[in-house]
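The values are calculated or read from the model by the stated rules, or taken from the named source; none is laboratory data. Since the model is a prediction, treat every value here as computed from it, not as a measurement. Virtual Cβ from ideal backbone geometry, glycine too; neighbours counted across all protein chains shown. In case anyone asks, the SASA skips ligands and DNA or RNA and just uses the protein heavy atoms, side chains included. Shrake-Rupley method; radii C 1.70, N 1.55, O 1.52, S 1.80 Å.
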Amino acid sequence: MPIRQMKEGSEQHIVIKPQLQNTMNPLQKNPKTAQNGKGPPITEPQNNKIHNTTSSPPSRNRGRRRGRGGRKSDQGEAFMRPSSRPCTAATKPVIVAAENVLNVSVSSSSCQLVAAGSGFPSSSKSLCFAPRPGYGQLGTKCIVKANHFLAELPDKDLNQYDVTVTPEVSSRSVNRAILAELVKLYKESDLGMRLPAYDGRKSLYTAGELPFKWKEFTIKLIDEDDVINGPKREREYKVVIKFVARANLHHLSQFLAGKRADGPQEALQILDIVLRELSIKRYCPVGRSFFSPDIRKPQPLGDGLEAWCGFYQSIRPTQMGLSLNIDMASAAFIEALPVIEFVAQLLGKDVSSRPLSDSDRVKIKKALRGVKVEVTHRGNVRRKYRVSGLTSQPTRELVFPVDDNSTMKSVVEYFQEMYGFTIKYTHLPCLQVGNQKKANYLPMEACKIVEGQRYTKRLSEKQITALLKVTCQRPRDRENSILQTVQHNDYNEDPYAKEFGIKISEKQASVEARVLPAPWLKYHETGKEKDCLPQVGQWNMMNKKMINGMTVSRWACINFSRSVQESVARGFCSELAQMCQVSGMEFNPEPVIPIYMARPDQVEKALKHVYHACVNKLKGKELELLLVILPDNNGSLYGDIKRICETDLGLISQCCLTKHVFKISKQYLANVSLKINVKMGGRNTVLLDAISCRIPLVSDIPTIIFGADVTHPENGEDSSPSIAAVVASQDWPEVTKYAGLVCAQAHRQELIQDLYKTWHDPARGTVSGGMIRDLLISFRKATGQKPQRIIFYRDGVSEGQFYQVLLFELDAIRKACASLEPNYQPPVTFIVVQKRHHTRLFANNHKDRSSTDRSGNILPGTVVDTKICHPTEFDFYLCSHAGIQGTSRPAHYHVLWDENNFTADGIQSLTNNLCYTYARCTRSVSVVPPAYYAHLAAFRARFYMEPEMAENGGSPHKVGKAIREGGESGVRPLPALKENVKRVMFYC
């Protein structure tokens with residue numbers, strides 16, 4: 001169950017195990033890697049305690065494809081059978097009994113763990129994330145610049161006041177206007193010359209105390225937007241300001257100096273609000289970013305949208321002290337057009353003479369619902385309204401009651417008589433504004449869209465491409481834009497920063513970094529090149545053969561593209577089969593049945609026809625691979641194919657677009673062959689260090705590496721479930737092959753609910769299950785070993801959710817292990833992977849080609865764990881990939897829990913090396929592969945949801961709605977995956 005927000009003083013209990021004191025051998029140093037490119041490092045194992053059975057021949061997993069072998073087990077009998085490969089650890093890890101639990105009391109400031117029979121003292125012990133074990137030393141040292149700007153800590157008291165506005169106002173901008181008027185009127189008198197900062201809701205902050213503890217003010221606010229010239233409407237508000245608390249800056253300075261483990265969030269929040277105050281008045285705020293059409297000229301995105309440029313700003317605690325993180329940002333805004341023009345752009349046609357179709361009306365209604373418009377037919381009056389809908393009738397047919405006697409008048413007559421405004425386009429519908437009980441009609445031609453409204457709905461492919469062009473800046477250009485933004489904002493002249501005594505440096509932080517060496521990769525002995533040292537994050541398959549090339553003897557092809565003739569499709573399949581053979585696979589050049597031509601609107605019928613035709617011809621043997629040729633613009637066709645193949649037919653499919661079929665590129669065919677091999681259960685390459693058993697804290701004992709992610713529905717999808725995915729390595733000691741599981745859970749729920757679960761079975765009693773448990777059993781079946789160490793990479797968690805996710809998911813891992821075997825508790829390292837952050841790293845000298853890749857970005861393998869990282873906790877930034885275009889975003893890894901006692905070098909090297917094992921390409925990737933695969937699996941599972949037509953003819957594949965079961969909110973489960981798909985869904 002998720003941990004809910006609790007009132008002060010309440011308490012919640014959750015099961016978790018104490019951090020283990022690991023008794024395993026201390027981390028051993030990596031052997032030096034040859035850097036001259038002339039040959040791989042020496043391959044003799046460095047640890048003489050590692051049993052020689054851990055080094056396996058390349059072909060040892062041949063024949064295990066799709067998890068054959070081993071009987072199914074609900075309660076882990078297979079897990080507890082004697083191991084066919086004995087544990088090779090010199091010293092077994094400490095085991096913690098499953099009964100030892102901790103009661104967790106979650107307060108607003110920190111989480112407290114209270115031991116219950118665990119050997120801890122009875123007094124409370126604060127749950128701290130893993131402390132930094134030191135700094136990394138491996139790699140070539142260099143200097144990089146980071147978009148962090150040093151902020152001096154104020155020397156003034158920070159005070160918080162509660163603000164109550166009556167009548168209550170929901171709009172932040174109106175609240176700000178009320179407080180701005182209050183400050184203007186009373187700053188020199190009642191406020192004692194203080195210039196407060198306000199969060200737009202309930203909190204006001206000052207540097208130094210106000211002359212009162214409690215005071216009520218009466219404020220009259222004039223609606224400036226209402227009338228340009230002439231009388232304006234006036235509203236009266238009562239504002240009560242009451243002292244709440246004083247922020248502890250000493251606590252903050254101690255935290256920044258590394259003398260305290262817990263950061264005072266209140267003080268950081270106040271400083272963040274203070275530095276945002278002036279920008280809120282100058283720009284359009286969206287989240288933590290600010291946008292303006294004046295920063296750079298808006299660029300059209302099509303369909304009435306435009307891209308605005310802006311900047312992101314956040315204050316962060318770092319090792320160098322307080323840091324202001326500034327980055328560039330872009331977002332889609334609705335163009336401030338007359339509504340008629342917006343509609344014409346949206347529909348791509350002139351609407352002044354032709355009536356609208358039903359589909360046109362639905363499209364307009366979706367685009368304009370919730371958008372603010374201002375009227376243009378009343379001269380100086382510029383009243384604003386929010387669009388709630390669109391009339392189903394044209395304007396000329398609309399009538400409404402004008403008095404209590406139900407006297408009816410047409411909209412056309414009313415506007416003519418009341419405003420002298422003649423409606424020209426009476427064939428168009430009216431906008432509906434206000435609520436449903438009292439909706440007002442506004443003719444489209446009498447309205448204009450209000451400027452500065454961010455577009456939050458889904459963008460089309462064309463719009464995304466156009467927005468990326470605006471966002472995509474080369475590193476040097478992005479760095480210059482950031483520096484210009486800091487100079488333009490001129491924080492040291494900001495009246496709020498001055499008031500609070502905050503000083504911001506205009507100089508970027510220079511940070512010591514290290515470039516970690518690329519790992520040697522092992523290929524098959526029969527290739528010309530048996531191993532390979534990637535150069536600048538890249539390599540290719542020339543002269544190499546897959547280390548475990550699989551066999552495809554039974555395959556078929558279905559062609560959904562009208563423009564691809566059968567002879568062209570046959571030629572493409574032949575070239576692909578040849579490439580698979582060259583790359584090290586055995587691939588039958590002939591399909592089971594001739595290539596089948598099909599229409600995209602008959603996808604299910606076509607797939608089932610090909611499947612059954614093949615099964616009949618093969619006399620019951622399974623079809624191993626289905627090649628699918630798709631039109632370039634295929635809408636929902638791709639998703640339909642994956643859903644039917646993977647949840648209904650149990651077919652492994654490989655889709656290829658028409659453009660690639662016509663223009664056959666060797667590089668493309670090589671990439672497709674890599675994907676086909678891993679879908680068949682093979683491995684393309686493995687780390688040489690893994691084969692020679694030299695990866696610290698992985699090679700010594702059976703180690704399983706998990707990746708987990710949750711993807712949430714798009715904005716506006718208020719009923720679709722979130723989807724969780726977990727993948728786990730299946731081939732220790734190589735840690736290259738993964739199996740995955742997915743599940744649907746409550747809308748926008750971040751904690752993964754199905755990691756471990758129990759339910760009551762009438763015949764068997766209490767039954768245990770869940771994704772962790774199933775994947776542990778799967779690992780045991782595949783390797784003959786039970787995992788004795790767990791490394792868990794968790795993607796997609798924001799800082800505010802660290803405690804909740806760690807407590808809930810670590811507890812689930814513990815329970816899953818304990819359910820398999822008494823006292824089975826392998827040590828866990830829990831690492832959060834973050835890509836959605838705004839730290840960017842730039843080369844110290846952009847002209848020095850030896851310190852950048854071809855795109856001008858920092859070199860792959862660049863790691864930073866000093867200065868801009870957390871004051872006390874175990875985190876680092878790693879740019880593991882070579883840039884292609886734009887500015888590379890390093891991944892941020894935060895080790896929350898570490899029972900395996902990794903050193904900084906140990907976890908950084910492991911993470912960097914794993915980034916070279918991504919199966920779908922010959923490049924290092926930006927995020928550690930298990931987390932990457934989990935993200936792909938969760939994204940893939942959206943296609944598995946049963947198709948339902950959305951209301952008013954929307955897209956049919958967006959639904960998988962939350963349902964009510966027994967009075968409680970439940971989620972419709974995803975259809976079950978076929979067994980042979982669980983290992984490959986994220987490779988597809």
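Summary table below
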read-out: Dipole moment magnitude, nearest 20 debye, segment 339-450 about Cα centre, only Lys, Arg, Asp, Glu C-beta charged; value: 540 debye
read-out: Nearest-0.05 FRET efficiency for VAL381 and VAL402, computed from C-beta distance (R0 30 Å); value: 0.90
read-out: Subset of LYS469/LYS498; LYS605/LYS675; LYS619/LYS757; LYS815/LYS982; LYS544/LYS867; LYS605/LYS757 violating a 32 Å alpha-carbon distance limit; value: LYS469/LYS498; LYS619/LYS757; LYS544/LYS867; LYS605/LYS757
read-out: Sites GLU152 and ASP601, calculated FRET efficiency, Cβ-Cβ separation with R0 60 Å, nearest 0.05; value: 0.40
read-out: Accessible area per residue in Å² at 1.4 Å probe, computed on segment 155-247; value: 56 Å²
read-out: Rounded percent of accessible protein surface that carbon and sulfur make up, segment 715-774, 1.4 Å probe; value: 47 percent
read-out: Net lengthening on full extension, ILE222/ALA344 (0.36 nm per residue, minus Cα-Cα); value: 40.4 nm
read-out: Under 14 Å from the Cα of LYS366 - aspartates and glutamates, other chains or at least 8 residues apart; value: ASP303, ASP358, GLU717, GLU951
read-out: Kirkwood-Stokes translational diffusion coefficient of segment 549-682, alpha-carbon pairs, 25 °C, 0.890 mPa s, µm²/s; value: 166 µm²/s
read-out: Projected label distance in nm at GLN538 and ARG474, using a 7 Å step from Cα toward the beta-carbon; value: 1.7 nm
read-out: Cβ charges +1 (Lys, Arg) and -1 (Asp, Glu), total dipole of segment 592-690, debye; value: 260 debye
read-out: 21 Å Cα-Cα threshold exceeded, pairs from LYS621/LYS978; LYS528/LYS737; LYS145/LYS847; LYS530/LYS663; LYS545/LYS663; value: LYS528/LYS737; LYS530/LYS663; LYS545/LYS663
read-out: Ranked order, SER170, SER330, SER850 - accessible area, probe 1.4 Å, largest first; value: SER170, SER850, SER330
read-out: Among 979-985, 450-456, 834-840, the order from most to least packed when residues are scored by Cβ within 10 Å on average; value: 979-985, 834-840, 450-456
read-out: Nitroxide proxy distance, nm - points 7 Å out along Cα→Cβ at SER392 and GLU413; value: 2.4 nm
read-out: Segment 155-247, dipole about Cα centre (Lys/Arg Cβ +1, Asp/Glu Cβ -1), debye to the nearest 20; value: 200 debye
read-out: Net length gained if the chain between GLU714 and ARG369 were fully extended (0.36 nm per residue, minus Cα distance); value: 122.5 nm
read-out: Rough spin-label spacing in nm, given labels placed 7 Å along Cα→Cβ, for GLN254 and LYS213; value: 2.6 nm
read-out: Length gained when the stretch LYS281-LYS242 is fully extended (0.36 nm per residue, less Cα-Cα span); value: 11.6 nm
read-out: Accessible area of MET193 in the full protein assembly, 1.4 Å probe (Å², nearest 10); value: 110 Å²
read-out: Area accessible to solvent at LYS365, 1.4 Å probe radius, in Å²; value: 70 Å²
read-out: Of all accessible heavy-atom area on segment 549-682, the percent that carbon and sulfur account for (1.4 Å); value: 50 percent
read-out: With every protein chain in place, segment 155-247: carbon and sulfur % of accessible area (1.4 Å); value: 48 percent
read-out: Spin-label proximity, ASP761 to segment 802-828 - amide N less than 19 Å from point 7 Å beyond Cα toward beta carbon; value: 816-822
read-out: Label point 7 Å beyond Cα of ARG836 along Cβ direction - residues of segment 689-729 with amide nitrogen under 12 Å; value: 710-715
read-out: Kirkwood Rh (inverse of mean 1/r, distinct Cα pairs), segment 339-450, angstrom; value: 14.4 Å
read-out: Three-way shape call for segment 703-813 based on the alpha-carbon gyration tensor, with the a/c threshold at 1.5; value: oblate
read-out: Solvent-accessible area of TRP759 with every protein chain in place, 1.4 Å probe, in Å² to the nearest 10; value: 110 Å²
read-out: Probe 1.4 Å, protein heavy atoms only - accessible area per residue of segment 339-450 in square angstrom; value: 55 Å²
